[in-house]
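A single structure is presented below for examination.
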Amino acid sequence: MKDCSVLSTLPDDPLCRLIGRAAFDRALTSYWTEKGFAELKAPRVGWRQIDLFMLFEGVRAGGGIHTVHQQRAFQPIAQQQRLAWTATNAGNALGKTYRKWLEPCEKLLAEAVDTATQSDLPKLDCFNPGEHIAAVVRSGITVNEIEPEEAAQFPEYVSALTDLFLDVRNHIIRKWWRNPTQWLSTEDIEQETPSEYTKLVRACFRFLHWRGKILFGAVPLQQLASYGVQSLARVLVIGGGIAGLAAARHLRACEPAFDVRVLEARPRIGGRIWTHRASLGQASMDLGAMIITGVRQNPLGLIALYQLRLHLREVDPSCPIFAGVHEVLDPELDAKIEDIYNSILEETVKMRQKLRDADRISLGDAFRKAMKQKLHQQPDQFQPIVRWHVSNLEYACAAPLEKLSLCHWDQDDPFGFEGEHCMVEGGLDQVVQALATGLNIQLRRPVQKVEWMNDTVRVVCGDGSVELADYVILAVPLGVLRDPKLLRFVPELPVWKRDALRAVGNGNLNKIVLLFSCAFWISHTHPDRKSAKLCSFGVACPLEEVAHDDGRFYMFWDLTPLIGCPALMGMLPADAADSMEMLSDDAITASAMQRLRLAFPEAPDPLETVVTRWRSDQYSQGAYSYVPVGSSGAAYDTAAESVDGRLFFAGEHTSRKHPTTAGGAYLSGIRAAYEVLCHFHETKKAHRSTDTPAVHRLRCKRRRTDGDIANDMF
Ligand SMILES: Cc1cc2nc3c(=O)[nH]c(=O)nc-3n(C[C@H](O)[C@H](O)[C@H](O)COP(=O)(O)OP(=O)(O)OC[C@H]3O[C@@H](n4cnc5c(N)ncnc54)[C@H](O)[C@@H]3O)c2cc1C
């Protein structure tokens, strides 16, 4: 984490600074008005306006103007003001400004600031130091910098008074995180903050709410007024997976007077979050998404931990690999081979620059080339272990390396959620159920046709019933969107949209859960297991099979501590997932046992098995997305773009920063809801303007980014 401390004599607390700032401004204005200066405008250094309050506080913290001057200590003050540092320019400008505008009244200013903050101590006492930092980091934003999307909405705070904006924003977020299970209103914040900032507080509160930085997740929905509110807009959300539920809930939370309905094809919600309850002891097992990646920032982790207070189990990142009967690879050798594997991957990164047409080359091609060099002169026994690591990568990407773009397969790496990876005891569907509470969800309503040629969108379901909507959010999986036999658009989606949907890869991953009478593996995998973490182990393929190995059952999760009975979950990544879907459950079980018995010949037959087939499932059509050869992360953004101001898109495959994950799918739902909100309010505004209906329709028909749409909203 960056150093977030602020140069000031005041406690590092955003509310305290707001109170101090308001008192400072009043005292300064009154002093200079008396002297005959009607308006005091802070000077600029380059393109930034000096923030007089922060300058005053910076100098106070530095021991006063004489000390700062003598010690030539203006640099940190300039940095805090976000000024480009050149000793002569910034330092001189700050010094001059201080001497001219602040020094003559510095005693008076100090008294005003201190009195105001002291008298408001009871308000401030309820907050803990550093609480705002933890809260803002959780929200995935930077404590002391204005984010690009904030800058787009609040441009006036980019070149001046940035710290004022940040203090308001950080205080609101901190206040929400104090009690994230409860509703928070803008009035709650207004009551505490100086009245000078009410306008900013309101705008910032609404922005944070609409963007899903506060009041998100399972916070109870506000009831509609009992006398009945005529709905402002009809929104249909197609697909009751995590993305669709997030969108629907967010719309209801932000605009209680919207009529929001979710149409879900299956008899259950959750889509690719599917907690199965086995007949044996009602054990809950997640057959789709299972791991919350990075609980400290992943919205699902935050909902599970802070709102639902569910028990999470950390995933043990170590994964012993069996290379023979009861034979775990020696840790030193394991580390050595992993280093070689990593060096092969590093070599492929270098090839991005070196190879002509790198954009058209697969990671697989590059990997094979690099592997030849790096494995040359290494013992043959290394090969199955390197292949094991490749399978692990194919699990993460849901695609064979041959299909992944060399240049862009890892484009989302810089954006990963911070924190441990965890699983939820009792199943991830608890989060889904909480999000669904209070929503109008209609199950068994597969949508087959979306007619969007008129202002009102007609949605036709499998039973021929028709629903009308002003806005439709399509939160169905990529494979469904791409297949007109499953979902037809009339007229067809524009070419740019169809191209984008084709440019995102649609990968596969399957699982088998095996329930046993005893945990025969424990004494070999984790003999001295003390921690409550969730463990896994790998089984390498025999050397003679390495050329044909597709990674089937290369790894098993030990679900025993999670579900309370001896159970393993075997993984089938990418091509293995697709090819095994053709086989019967018995054949898949036999294949899993064959791999398992390479390490544990004594393994008994399982008592019960559960097998997934995510590709053949007509409402999933695969597991999650990847970046194929010839494509890039930009395809996700275009897949996310709305069409004609009426069709909006959510889902894992629309999340450029967090693709593949349930957390990313959730955030995509929030984003789609935000776009609808912006569009609705823009339309309302345009109706009030001088646009004729025809001009207005034309305006709406433009393809727009959410940045475009949202401008002028706040
Ligand atoms: C095996 C597997 C393991 C995974 N592991 C993880 C993991 O550990 N961690 C993680 O973060 N992510 C994981 N994922 C990915 C994660 O599950 C998805 O990214 C996420 O759940 C996708 O959510 P979504 O709302 O975009 O789509 P979905 O969950 O697929 O929701 C789409 C919904 O649309 C419905 N639908 C489809 N067609 C129609 C129609 N015509 N009319 C109406 N409704 C329709 C579907 O029934 C479904 O409910 C895994 C996925 C799989 C398959």
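Looking at ARG206, ARG178, which one is of a type outside the set (A, V, I, L, M) and at pLDDT below 95? Can you show your working first?
Details: ARG206 fails: at pLDDT below 95.
Of the residues listed, the single one that is of a type outside the set (A, V, I, L, M) and at pLDDT below 95 is ARG178.
Looking at GLN297, is it of a type outside the set (Phe, Trp, Tyr), open to solvent by 10 Å² or more (accessible area, probe 1.4 Å), in contact with an Asp or Glu (Cβ under 7 Å, 6 or more places away or on another chain) and more than 10 Å from the ligand (Cβ to nearest atom)? Before you say what the answer is, go through the steps one by one.
On the way: of a type outside the set (Phe, Trp, Tyr): yes; open to solvent by 10 Å² or more (accessible area, probe 1.4 Å): yes; in contact with an Asp or Glu (Cβ under 7 Å, 6 or more places away or on another chain): yes; more than 10 Å from the ligand (Cβ to nearest atom): yes.
It is true that GLN297 is of a type outside the set (Phe, Trp, Tyr), open to solvent by 10 Å² or more (accessible area, probe 1.4 Å), in contact with an Asp or Glu (Cβ under 7 Å, 6 or more places away or on another chain) and more than 10 Å from the ligand (Cβ to nearest atom).
Matching residues to (1) assigned by the TED database to the domain that holds LEU166; (2) over 18 Å from LEU40 (Cα atoms); (3) open to solvent by 30 Å² or more (accessible area, probe 1.4 Å):
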site: ALA61; (1), (2), (3): no, yes, yes
site: GLN70; (1), (2), (3): no, yes, yes
site: ALA78; (1), (2), (3): no, yes, no
site: LEU83; (1), (2), (3): no, yes, no
site: ALA90; (1), (2), (3): no, yes, no
site: LEU94; (1), (2), (3): no, no, no
site: ARG99; (1), (2), (3): no, no, yes
site: GLU103; (1), (2), (3): no, no, yes
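Restricting attention to segment 615-672, report how many residues are free of Cβ contacts under 8 Å to residues at least 24 places away in the same chain, assigned to a loop (DSSP other than H, G, I, E, B) and surrounded by fewer than 24 Cβ atoms within 10 Å (Cβ to Cβ).
So the answer is 1.
Hey, another quick one. Can you list residue pairs whose Cβ atoms sit under 9 Å apart, with the first residue in segment 218-234 being of a type outside the set (S, T, N, Q) and the second being surrounded by 12 or more Cβ atoms within 10 Å (Cβ to Cβ) and at pLDDT below 55? Count only pairs 6 or more apart in sequence or on different chains.
Listed by first residue and then by second, the contacts come to nothing, as the list is empty.
Go over the candidates ILE172, ILE133 one by one and state the one that is under 25 Å from LEU308 (Cβ atoms), in a helix (DSSP H, G or I) and at pLDDT 95 or above.
ILE172
Considering each residue of segment 602-614, count those that are open to solvent by less than 10 Å² (accessible area, probe 1.4 Å) and within 11 Å of the ligand (Cβ to nearest atom), and give that number.
Going through segment 602-614 one residue at a time, the tally reaches 1.
I'm trying to understand the selection: among the residues of segment 176-203, which are open to solvent by 20 Å² or more (accessible area, probe 1.4 Å) and within 25 Å of LEU308 (Cβ to Cβ)? Before the answer, list the steps.
Here is the first cut: in segment 176-203, the ones open to solvent by 20 Å² or more (accessible area, probe 1.4 Å) are 177-179, 181-183, 185-188, 190-192, 195-196, 198-199, 202-203.
Correct list: TRP177, ARG178, ASN179, THR181, GLN182, TRP183, SER185, ASP188.
I'd like the full set of residues that are of a type in the set (A, V, I, L, M), in a strand (DSSP E or B) and more than 8 Å from the ligand (Cβ to nearest atom), limited to segment 228-244. Show your work before the answer.
First pass over segment 228-244, keeping only residues of a type in the set (A, V, I, L, M): 229, 232-233, 235-238, 242-243.
With the extra rule that they be in a strand (DSSP E or B), the set shrinks to 235-238.
Listed by number, the residues that qualify are VAL235, LEU236, VAL237.
Next question. Please work out if PRO317 is more than 16 Å from the ligand (Cβ to nearest atom), part of a loop (DSSP other than H, G, I, E, B) and either at pLDDT below 95 or at positive phi (or both). Even if it seems obvious, please write down each step before you answer.
Working: more than 16 Å from the ligand (Cβ to nearest atom): no; part of a loop (DSSP other than H, G, I, E, B): yes; either at pLDDT below 95 or at positive phi (or both): yes.
Taking the combined requirement at face value, the residue does not satisfy it.
Which of the residues belonging to segment 595-614 are in contact (Cβ under 8 Å) with a residue 24 or more places away in the chain and not hydrophobic (A, V, I, L, M, F, W, C)?
The answer is ARG595, PRO601, GLU602, PRO604, PRO606, GLU608, THR609, THR612, ARG613.
Within segment 346-394, track down each residue that is among the β-branched types (Val, Ile, Thr) and part of a helix (DSSP H, G or I). Please lay out each step first, then the result.
As a first pass, look at segment 346-394 and keep what is among the β-branched types (Val, Ile, Thr): 348-349, 361, 385-386, 390.
Across segment 346-394, the qualifying residues are THR348, VAL349, ILE385, VAL386, VAL390.
Given ALA160, ALA134, ALA152, which one is in contact with a strand residue (DSSP E or B) (Cβ under 6 Å, 6 or more places away or on another chain), farther than 13 Å from ARG21 by Cα and surrounded by fewer than 21 Cβ atoms within 10 Å (Cβ to Cβ)?
Values: ALA134 fails: in contact with a strand residue (DSSP E or B) (Cβ under 6 Å, 6 or more places away or on another chain); ALA152 fails: in contact with a strand residue (DSSP E or B) (Cβ under 6 Å, 6 or more places away or on another chain).
Residue meeting the stated conditions: ALA160.
Hey, which of the strands (runs of 3 or more DSSP E) in segment 471-570, taking only ones fully inside, have at least 3 residues that are within 25 Å of the chain's Cα centre (by Cα) and crowded, with 20+ Cβ neighbours inside 10 Å?
On the way: elements: 471-474, 488-490, 509-515, 536-539, 555-558.
Filter on segment 471-570 gives 471-474, 509-515.
Related question: What's the total number of residues in segment 348-392 that are closer than 22 Å to TYR626 by Cβ and open to solvent by less than 20 Å² (accessible area, probe 1.4 Å)?
Result for segment 348-392: 14.
Would segment 245-256 turn up any residue that is assigned to a loop (DSSP other than H, G, I, E, B) and farther than 30 Å from LEU486 by Cα?
The answer is yes; a qualifying residue exists.
If you go through segment 424-456, how many residues are β-branched (Val, Ile, Thr), within 14 Å of the ligand (Cβ to nearest atom) and closer than 19 Å to ALA257 by Cα? Steps first, please.
Within segment 424-456, the subset β-branched (Val, Ile, Thr) is 424, 431-432, 437, 441, 447, 450, 456.
From the residues that got through so far, the ones that are within 14 Å of the ligand (Cβ to nearest atom) too are 424, 431-432, 441, 447, 450.
Pick out the ones that are also closer than 19 Å to ALA257 by Cα and you get 441.
Selection size over segment 424-456: 1.
Suppose the filter is of a type in the set (Ser, Thr, Tyr), more than 26 Å from HIS209 (Cβ to Cβ) and within 13 Å of the ligand (Cβ to nearest atom); does SER625 pass it? Working first, answer last.
Working: of a type in the set (Ser, Thr, Tyr): yes; more than 26 Å from HIS209 (Cβ to Cβ): yes; within 13 Å of the ligand (Cβ to nearest atom): yes.
Yes; evaluated as a whole, the condition is true for this residue.
So which of SER632, SER668, SER642 is within 16 Å of the ligand (Cβ to nearest atom) and among the polar types (S, T, N, Q)?
Working: SER632 fails: within 16 Å of the ligand (Cβ to nearest atom); SER642 fails: within 16 Å of the ligand (Cβ to nearest atom).
Exactly one residue qualifies, and that residue is SER668.
Check off (1) over 21 Å from GLN282 (Cα atoms); (2) touching a residue at least 60 places away in the same chain (Cβ under 8 Å); (3) of a type outside the set (A, V, I, L, M) for GLU544 and give me the number that stays unchecked.
(2)
Looking only at segment 410-451, count every residue that is free of Cβ contacts under 8 Å to residues at least 60 places away in the same chain and among the aromatic types (Phe, Trp, Tyr) and tell me the total.
Counting residues in segment 410-451 that are free of Cβ contacts under 8 Å to residues at least 60 places away in the same chain and among the aromatic types (Phe, Trp, Tyr) gives 0.
Which of the residues that make up segment 116-129 are in a helix (DSSP H, G or I), at pLDDT 75 or above and touching a helix residue (DSSP H, G or I) at 6+ places or on another chain (Cβ under 7 Å)?
Listed by number, the residues that qualify are ALA116, THR117.
Further question on the same structure: Please work out which residue is nearest to the ligand (Cβ to nearest atom), limiting yourself to segment 457-470 and to residues that are buried (at least 18 other Cβ atoms within 10 Å of the Cβ) and not small (Gly, Ala, Ser).
Restricting to residues being buried (at least 18 other Cβ atoms within 10 Å of the Cβ) and not small (Gly, Ala, Ser), the top hit is CYS461.
Restricting attention to segment 327-345, does a residue exist that is farther than 28 Å from ASP286 by Cα, outside any helix (DSSP H, G or I), outside the structural domain of ALA662 (by the TED database) and open to solvent by 60 Å² or more (accessible area, probe 1.4 Å)?
For segment 327-345, residues farther than 28 Å from ASP286 by Cα, outside any helix (DSSP H, G or I), outside the structural domain of ALA662 (by the TED database) and open to solvent by 60 Å² or more (accessible area, probe 1.4 Å): present.
I've got another one for you. Need at least 2 residues that are touching a strand residue (DSSP E or B) at 6+ places or on another chain (Cβ under 9 Å) per element, so show me which helices (runs of 4 or more DSSP H) inside segment 1-105 make the cut, counting only ones lying wholly within it. Spell out the reasoning first.
Working: elements: 14-34, 52-61, 65-70, 75-80, 92-97.
Passing ranges, in order: 92-97.
Take ARG266 and decide whether it is within 11 Å of the ligand (Cβ to nearest atom) and basic (Lys, Arg). Can you show your working first?
Working: within 11 Å of the ligand (Cβ to nearest atom): yes; basic (Lys, Arg): yes.
Answer is yes for this residue.
When the residues of segment 274-288 are filtered to those that are within 15 Å of the ligand (Cβ to nearest atom), part of a loop (DSSP other than H, G, I, E, B) and open to solvent by 10 Å² or more (accessible area, probe 1.4 Å), which remaining residue is farthest from HIS653 (Cα to Cα)?
Pass one, segment 274-288, residues within 15 Å of the ligand (Cβ to nearest atom): 274-276, 284-288.
Okay, now just the ones that are also part of a loop (DSSP other than H, G, I, E, B), so 274, 287-288.
Then keep just the ones that are open to solvent by 10 Å² or more (accessible area, probe 1.4 Å); that gives 274, 288.
On the way: TRP274: 18, GLY288: 16 Å.
For segment 274-288, the residue satisfying everything is TRP274.
A follow-up question, please. Is it the case, given these coordinates, that PHE165 is surrounded by fewer than 23 Cβ atoms within 10 Å (Cβ to Cβ) and outside the structural domain of LEU302 (by the TED database)?
Working: surrounded by fewer than 23 Cβ atoms within 10 Å (Cβ to Cβ): yes; outside the structural domain of LEU302 (by the TED database): yes.
It is true that PHE165 is surrounded by fewer than 23 Cβ atoms within 10 Å (Cβ to Cβ) and outside the structural domain of LEU302 (by the TED database).
The values are calculated or read from the model by the stated rules, or taken from the named source; none is laboratory data. Values in this document were obtained by computation on a predicted structure and should not be read as measured data. In this analysis, Cβ positions are derived from the backbone assuming ideal geometry, glycine residues included, and neighbour counts consider all displayed protein chains. Accessible surface is based on the protein model in full, side chains and every heavy atom, while ligands, DNA and RNA are left aside. Shrake-Rupley method; radii C 1.70, N 1.55, O 1.52, S 1.80 Å.
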